[in-house]
């Protein structure tokens with residue numbers, strides 16, 4: 001089977017990480033996509049070191065991202081449910097719970113700057129990264145987690161499944177890069193698969209965001225009976241969507 005050199009694809013991804021209005025998010029996305037590309041190649045000590053570096057960069061920004069998601073989830077909740085929830089306490093408590101997130105804070109800026117510098121430095125290193133771009137193993141792992149979650153849709157299982165879907169999507173995107181523009185049917189096939197996987201991981205992500213918000217509100221349970229009940233009902237609907245969407249893909 002023909003092999004491809006994936007190092008230019010990976011390095012281009014890393015060198016442009018952080019170039020957006022939300023650099024924190026795009027840096028984390030670049031780390032996840034980079035991980036997916038690296039996992040397409042044969043294992044080596046060098047690749048393991050790259051994987052470890054990307055994982056550490058992403059984890060260093062994790063708390064900031066969690067707080068961003070908490071604030072965004074609350075904002076959406078307030079916009080969509082005007083009368084069904086406790087507005088006053090939400091507006092008061094959530095910003096306190098997410099006190100680490102300050103858009104222009106020195107610590108946040110420093111962490112983002114450090115991550116961008118590290119990714120640029122990583123992109124300049126030489127790396128032998130070839131792959132046949134065979135995605136069967138990634139598909140099978142994603143399918144296995146789908147079957148596992150149908151039996152036990154615990155938060156831990158859903159989280160592991162979403163991580164695999166993120167990797168699988170980045171690998172589909174890498175594969176598409178090497179499909180000739182003349183092969184329209186094949187490109188259409190990959191584009192549909194990418195869209196389907198993205199939709200599925202998005203629904204799981206929404207469900208997980210709801211769970212994170214519930215866990216925060218439970219610390220102040222007496223103040224949010226209506227809100228917690230509403231989010232749980234919405235989360236139940238999202239969980240049903242997950243398996244409806246997955247059944248169409250797998």
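Yes or no, residue by residue, for (1) within 18 Å of residue 32 (Cα to Cα); (2) in contact (Cβ under 8 Å) with a residue 12 or more places away in the chain; (3) out of contact with any helix residue (DSSP H, G or I) (no Cβ under 8 Å at 6 or more places or on another chain):
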residue: 170; (1), (2), (3): yes, yes, no
residue: 184; (1), (2), (3): no, no, yes
residue: 238; (1), (2), (3): no, yes, no
residue: 249; (1), (2), (3): no, yes, no
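Would you mention how many residues in the range 100-153 are over 25 Å from residue 168 (Cα atoms), modelled with pLDDT under 90 and not in a helix (DSSP H, G or I)?
6
Test residue 65 against the criterion of being in contact with a helix residue (DSSP H, G or I) (Cβ under 7 Å, 6 or more places away or on another chain), within 30 Å of residue 6 (Cα to Cα), surrounded by 16 or more Cβ atoms within 10 Å (Cβ to Cβ) and modelled with pLDDT under 90, and give yes or no.
Criteria met by residue 65.
On the given criteria, is residue 63 more than 22 Å from residue 16 (Cα to Cα) and without any contact (Cβ under 8 Å) to a residue 24 or more places away in the chain?
No; evaluated as a whole, the condition is false for this residue.
Looking at (1) farther than 28 Å from residue 207 by Cα; (2) surrounded by fewer than 19 Cβ atoms within 10 Å (Cβ to Cβ); (3) at pLDDT 85 or above, which one does residue 6 not meet, given that it meets all the others?
Going through (1) farther than 28 Å from residue 207 by Cα; (2) surrounded by fewer than 19 Cβ atoms within 10 Å (Cβ to Cβ); (3) at pLDDT 85 or above one by one, residue 6 breaks only (2).
Can you name the number of the only condition in (1) farther than 17 Å from residue 84 by Cα; (2) touching a helix residue (DSSP H, G or I) at 6+ places or on another chain (Cβ under 8 Å) that residue 217 fails?
(1)
Looking at 203, 242, 228 in this structure, which one is within 27 Å of residue 68 (Cβ to Cβ), more than 21 Å from the chain's Cα centre (by Cα) and surrounded by 12 or more Cβ atoms within 10 Å (Cβ to Cβ)?
228
Residue 60 passes all but one of (1) modelled with pLDDT under 85; (2) more than 20 Å from residue 233 (Cα to Cα); (3) under 24 Å from the mean Cα position of the chain (by Cα); which number fails?
(1)
Let me confirm something: among 53, 26, which residue is in a helix (DSSP H, G or I), free of Cβ contacts under 8 Å to residues at least 40 places away in the same chain and surrounded by 13 or more Cβ atoms within 10 Å (Cβ to Cβ)?
26
Residues in the range 29-43 that are surrounded by 13 or more Cβ atoms within 10 Å (Cβ to Cβ) and not in a helix (DSSP H, G or I): how many?
Residues that pass the stated criteria total 3.
Looking at the range 168-183, is at least one residue surrounded by 15 or more Cβ atoms within 10 Å (Cβ to Cβ), over 20 Å from the mean Cα position of the chain (by Cα) and not in a helix (DSSP H, G or I)?
Checking the range 168-183: at least one residue is surrounded by 15 or more Cβ atoms within 10 Å (Cβ to Cβ), over 20 Å from the mean Cα position of the chain (by Cα) and not in a helix (DSSP H, G or I).
The values are calculated or read from the model by the stated rules, or taken from the named source; none is laboratory data. The model shown is predicted, which means the values in this text are computed figures rather than measured ones. Positions of Cβ are backbone-derived with ideal geometry, glycine not excepted, and every protein chain shown enters the neighbour counts.
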